[in-house]
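The values are calculated or read from the model by the stated rules, or taken from the named source; none is laboratory data. In this text the structure is predicted, and so the values were computed from the model without any measurement. Positions of Cβ are backbone-derived with ideal geometry, glycine not excepted, and every protein chain shown enters the neighbour counts. Heads up: the accessible areas ignore ligands, DNA and RNA and are worked out on the full protein's heavy atoms, side chains in. Shrake-Rupley method; radii C 1.70, N 1.55, O 1.52, S 1.80 Å.
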Amino acid sequence: MDTVNRLVLLGTKGGPAIRPGGPMPTASLLEIGGRRCVVDCGLGVSKGLVEAGVNLKTLDLVFITHLHSDHVLELGPLLHTAWTTGLATPVQVFGPPGTQAVWDGFVASLRYDIDLRIDDEGRPDLRALVQVEEYAEGPLAVDGLSVRALRVDHPPVTDCFALRFDSPDWSVTFSSDTAYFPPLAEFARGTDILVHEAMLERGVDRLVARTGNGSRLKAHITRSHTEAVDAARIAAAADVGMLVLHHLIPADDPGITEADWLAAVAPAFDGPTVVATDGLSLSPKPAAS
Ligand SMILES: [Zn+2]
Ligand SMILES: [Zn+2]
């Protein structure tokens, strides 16, 4: 596949809820070493990929960091939509234990449509095109690309993994969802871009009040996610080339601006820092779009 190295943050909010005018849940496109990787499949990933210029029939590799719905809800719909767009080549899906069941459940729920399109339209069997590989900590079996997984701290989810992608000329590490987890610094050491989740605790109370139906939501958020300043500590300890704040909590609060995020990071990390927005594209060359 002929791709240029780039990272596109397709969906940048933490959590599964969406609101008018706001960003979408977590999904990223990483084109590295000639491979096209989709990292997490939150709601909106299909549209985000198309808007990033990707023809869905060229889908190649999909990685799921953990099975929270804001990371996996659109996995099945993405693959199905790629198929109806013309996908005829195999796609590998790497996910934690349970990913096979998510996929099997999806194709079972759409059996009528899938069988109909095979019979009526002569399409190849979607179920035969998709291969799910459930991974654990350590290297992933990806041909031609170095991908490694580190189990992070995201209670009550135990199978939640940071992912590091290395090619000869570029490297990108995703923290996935995690509480402040110092071993991430060693895992991400020297990476060109660290995409780290981030929250601002003073925005969490207002977020919880707006959501309204989660009595333990604040406790979940604060024990399983990372304050922006702690993401910055990881970036500094790992000596990364750039920190991207991602999976923002809160993501759509007009009272929290880019300047607030950058101010939170500044005491701990003095390297280049980017606050992710949906569709933001970064490349190894200085000319980011
Ligand atoms: Zn999440
Ligand atoms: Zn999560």
Dipole moment magnitude, nearest 20 debye, the chain about Cα centre, only Lys, Arg, Asp, Glu C-beta charged: 360
Table column - 3J(HN,Hα) (Hz), the stretch 178-193, Karplus curve with 6.51, -1.76, 1.60, x for Gly and Pro: 7, 5, 3, 9, x, x, 4, 5, 5, 4, 9, 3, x, 5, 5, 10
Spherically averaged projected area in nm², based on the convex hull that wraps the Cα atoms of the chain: 14.6
10 Å-binned pair-distance histogram of the stretch 101-232 (Cα, whole percent): 11, 28, 25, 24, 12, 1
Within the accessible area of the chain (1.4 Å probe), percent carbon and sulfur: 54
Debye equation applied to the C-alpha atoms of the stretch 50-167, log10 I(q)/I(0) at 0.10, 0.15 Å⁻¹: -0.33, -0.71
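Counting only DSSP beta bridges with both residues in the chain, what percent are antiparallel, rounded to the nearest 5?
Beta bridges within the chain, antiparallel portion: roughly 50 percent.
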Under 5 Å, built H, 5+ apart or other chain: amide partners of Leu10: Ala27, Ser28, Leu29, Gly279
About the Cα centre, charge dipole magnitude for the stretch 1-82 (Lys/Arg +1, Asp/Glu -1 at Cβ), debye: 100
Per residue accessible area in Å² of the stretch 1-102, where ligands, DNA and RNA are left out and the probe is 1.4 Å: 32
Per-q log10 I(q)/I(0), the stretch 175-217, q = 0.18, 0.19 Å⁻¹ (Debye; single scatterer per alpha-carbon; no solvent): -0.67, -0.71
Computed Rg/Rh of the stretch 158-260, alpha carbon atoms with Kirkwood Rh: 1.01
Accessible area per residue, Å², the stretch 141-289 with all protein chains present, probe 1.4 Å: 43
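For Glu201, Glu227, give me the order by solvent-accessible area with a 1.4 Å probe, most accessible first, ignoring ligands, DNA and RNA.
Glu201, Glu227
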